[in-house]
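Just below is one structure, and these are the notes that go with it.
Throughout, read-outs are computed from the coordinates displayed, never taken from laboratory work. Just so it is clear, the structure is predicted and the values come from calculations on it, not from any experiment. Virtual Cβ from ideal backbone geometry, glycine too; neighbours counted across all protein chains shown.
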Amino acid sequence: MVPPIPVRENDGAAVEPSTSAGASEIRKFLQSRGNSALADQTFKGLMMLCAFCIFVVVALIVVELILQSQPTLQKFGLPFFFKYNVDPVTKMPLFWDPVNGTFYALPFLYGTLVTSLIALAIAVPLSLGVAIFLTEMCPKFLRGPLAFLTELLAAIPSVVYGLWAVFVLVPLLREHVNPVFMSVFNAPWLVKAFGWTHLFGDDGLFGGVNLGLGMFAAGVVLAIMILPIIASLTREVMTAVPHSQREAALALGATRWETIRIAVLRNARIGIVGSIILGLGRALGETMAVAMVIGNTPQIQMSLLSTGNSMASVIANEFSEATSDLHRSALIEIGLALFLVTIIVNGLARLLVWAVTRGAPARVN
Amino acid sequence: MGVGIEVTNLNAWYGTNHTLQDINLPVPANHATALIGPSGCGKSTFVRCLNRMHETNPVARVTGSVRIGDQDIYADASPVEVRRRVGMVFQRPNPFPTMSIYDNVCSGLKLNGFRNRKMLDEVVERSLRQSALWDEVKDDLKKKSGASLSGGQQQRMCIARALAVDPEVLLMDEPASALDPVSTSKIEDLIFELKSQYTIVIVTHNMQQAARVAEKTGFFLNGRLVEFDSTHKIFTNPSDKRTEDYITGRFG
């Protein structure tokens, strides 16, 4: 037996008729518009053309780099990136000697990767802290100014960072920061216990001469330069996490930190990794500030206090003085390699994101 | 005035999922037709096939024919043309948040290049009156954003937005399910009044709502149309056992 659901019969009372002059005219107007298929196709074509331009530009750059680096590619081949000669006098490895025609690029690869890693190690925790503070606990009156200042840091030209680093940061590191690290890393008991790792003592991470200039200084400058990028992008993705997610965690009795961890960071993790990759990209390619503080010596030393050189800064420093074809071509090949390193690092980071989120439930928002 | 819809052998897929199977259904002109059924039975997919919105999903596919008036919308028209004639109101109000109420309502006309100021004013007023929102918003039409209204007001504004292009058919996909009872009853009154001028197809979970607003009701189950008849018959003396089970609350 079906329970009676009252069915409302149409009482037939006419509502105001819509067939006023306006109504039919609108229909006529809309029908006269045609199907717009041509416009849609044109739009699609134009957008495709724009996207295609990117492929063309990238392809042209790669082709040109490969063509221009032919002399060194043919002379040295792949060993360009890992071989070295031995200096007959000092018995030290000799990587790069334009005068005598020795061109091996390993120190530049090393310098670029090490300075970028130092930068990430310093900048990632700092910028996550900045972003968490700004989105989750900052009093309202501070939020605007702080966020603005963070983004302002990104707008400072890199040569200005370099100048500041040369005159302020390098002396500061030399006088106050490096001695602390040196006394920790060179403590006798550490050297005795872990000397075999080559991380401590005279041949360790903070051994050797304290010049102030060097890889560590370059890494610190890079960290300051990429901090605003990572912080502001991370802030953006964390702000995009819906408030209901935070409420869901709070309602389970989560503390502030637990809420941030399970409701905010977890939801924003893909965006956070993305912002770190962008920061890393900037660190890998940064030229001027690094060139001003890294010391520009083509050598590989365990010590972070030692001078070194990076791929971008060697190109900037030497291309105007590259008189021989081989020197010029070696610099261009380093440029090609820098390009490839950036692509590989990006690829690895994407792989990491994919591996971490594989099988995980979809992201909110 | 509205026009009738003739659906013949309509099949729809999402990926490999056959969500609609051999649907044949005549929707009468200038009446409200309600579609009921449990979640996931295909009723939303069905209305989305009536304005070719289903195919905007890249894995979706449709076969069969849908004639609106004398036009087969899958053979004789582009999706853009179809959607100019067939208005749609969604489950959650979706006002354009950066536009004023006025701009929201006339957005369909403006994007088609309709520039006659005086007529736009008339259309906005007429549409808002039809959707029973005029008296509540007439003083800040151009001042307030469409998103600043309450949920029920937003939904009525979305109905006005759909009506402003003077469609021949109005599709409503659970238009009141996100609203409170007062707003719901306003929307229902609205549908009841609008159906003399437009062909209305309304998807609903609420059987009382179907009974209150529609002359015809279709019952969907697992991608098939189980029964289609006058609302009175469906709710008092259904021919199919499954329909009876559903409306008496034995499942679904």
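Pick from A:Ala165, A:Ala316, A:Ala131: which is most flexible by mean-square fluctuation in a GNM of chain A where alpha carbon atoms under 10 Å apart are linked?
Fluctuation is largest for A:Ala316.
If you put +1 on each Lys and Arg Cβ and -1 on each Asp and Glu Cβ, how big is the dipole of the range B:118-183 around its Cα centre, in Debye rounded to 20?
Value, rounded to 20: 260 debye.
Between B:Gly218, B:Gly69, B:Gly15, where does the largest GNM mean-square fluctuation fall for chain B, given springs only between Cα atoms within less than 10 Å?
Sorting by GNM fluctuation, first place goes to B:Gly15.
In whole Hz, with x marking every Gly and Pro, tabulate ³J(HN,Hα) for the range A:86-99 from phi via Karplus 6.51 cos²θ - 1.76 cosθ + 1.60, θ = phi - 60°.
Once rounded to whole Hz, the list reads 10, 5, x, 7, 8, 6, 8, x, 10, 9, 9, 9, x, 5.
When only C-alpha pairs under 8 Å and at least 6 residues apart count, what is the relative contact order of the range A:84-357, in percent?
Relative contact order for the range A:84-357 comes out at 27 percent.
Label A:Glu247 and B:Lys110 with points 7 Å out from Cα along Cα→Cβ: what is the distance between them in nm?
3.2 nm
When a/c is below 1.5 the answer is rounded, else prolate if a/b is larger than b/c, else oblate, so apply that to the protein assembly as shown with a ≥ b ≥ c taken from the square roots of the Cα gyration tensor eigenvalues.
Prolate, because a/c is 1.5 or more and a/b exceeds b/c.
Taking 30 Å as R0, compute the FRET efficiency from the Cβ-Cβ separation of A:Phe319 and A:Leu126 and round it to 0.05.
That pair, A:Phe319 with A:Leu126, gives E of 0.35.
How much length, in nm to one decimal, is gained on full extension between A:Phe43 and A:Ala155, taken as 0.36 nm per residue of separation minus their Cα-Cα distance?
Answer, rounded to one decimal: 36.9 nm.
Looking at the square roots a ≥ b ≥ c of the eigenvalues of the Cα gyration tensor of the range A:84-357, which shape do they give, rounded for a/c under 1.5, prolate if a/b is larger than b/c, or oblate?
Prolate.
Quick check: the distance between the Cα centres of the range A:66-131 and the range A:154-208, to the nearest angstrom?
Centre-to-centre distance over Cα atoms comes out at 21 Å.
Could you give the longest part of chain B that holds none of the trypsin sites (Lys or Arg not before Pro) found in DSSP loops with at most 11 neighbouring Cβ atoms within 10 Å?
Excluding the exposed sites themselves, the longest stretch runs over B:1-114.
Along the positive direction of the dipole of the protein assembly as shown (beta-carbon charges: Lys, Arg +1; Asp, Glu -1; about the Cα centre), which of A:Met225, A:Phe194, A:Ala330 reaches farthest?
A:Phe194
Hey, can you list the DSSP H helices of chain A whose Cα span along the axis is 15 Å or longer and whose average Kyte-Doolittle score is at least 1.6?
A:37-68, A:106-132, A:215-240
So, with +1 on the Cβ of K and R and -1 on the Cβ of D and E, and no other charges, what is the size of the charge dipole of the protein assembly as shown about its Cα centre, to the nearest 20 debye?
Result for the protein assembly as shown is approximately 380 debye, rounded to the nearest 20.
Would you mind classifying chain B by shape? Square roots of the alpha carbon gyration tensor eigenvalues, ordered a ≥ b ≥ c; an a/c under 1.5 is rounded, otherwise it is prolate if a/b is larger than b/c and oblate if not.
prolate
What residues have an amide H closer than 5 Å to that of A:Thr102, excluding those fewer than 5 places away on the same chain, when H is modeled at 1.01 Å from N in the peptide plane?
The answer is A:Asp97.
Using the crude model of +1 on Lys and Arg Cβ and -1 on Asp and Glu Cβ, and no other charge, please compute the dipole size for the range A:84-357 relative to its Cα centre, in debye to 20.
Here the size comes out at about 980 debye.
Name the chymotrypsin sites (Phe, Trp or Tyr not before Pro) in the range A:30-125 that are in a loop by DSSP and that have at most 12 other C-beta atoms within 10 Å, would you?
The qualifying sites are A:Phe82.
Looking at the range A:244-288, I'd like the Rg to Rh ratio, where Rg is from alpha-carbon atoms and Rh is Kirkwood's inverse mean 1/r.
1.28
The range B:86-183: which chymotrypsin sites (Phe, Trp or Tyr not before Pro) are DSSP loop and have at most 11 other beta-carbon atoms within 10 angstrom?
Answer by residue number: there is no such site.
Under a GNM of chain A (C-alpha, springs under 10 Å), which listed residue has the highest mean-square fluctuation: A:Ile226, A:Ile343, A:Ile277?
Among A:Ile226, A:Ile343, A:Ile277, the largest GNM mean-square fluctuation belongs to A:Ile343.
For B:Lys118 and B:Asn94 in one chain, what is 0.36 nm times their gap in residues minus the Cα-Cα distance, to one decimal in nm?
Going from the current span to full extension adds 6.0 nm.
Please compute the modelled spin-label separation between A:Ser32 and A:Trp196, points set 7 Å along Cα→Cβ, answer in nm with one decimal.
9.1 nm
If neighbour count is taken as other Cβ atoms inside 10 Å, put B:Met157, A:Met182 in order from fewest to most.
A:Met182, B:Met157
How much mean residue ellipticity at 222 nm does the protein assembly as shown get from its helices, if each DSSP H run of length 4 or more adds -39500 (n - 2.57) and you divide by all residues, to the nearest 500 deg cm²/dmol?
Estimated from H runs of four or more residues: -15500 deg cm²/dmol.
Counting other Cβ atoms within 10 Å, which chymotrypsin sites (Phe, Trp or Tyr not before Pro) in the range B:169-252 have at most 13 and lie in a DSSP loop?
B:Phe251
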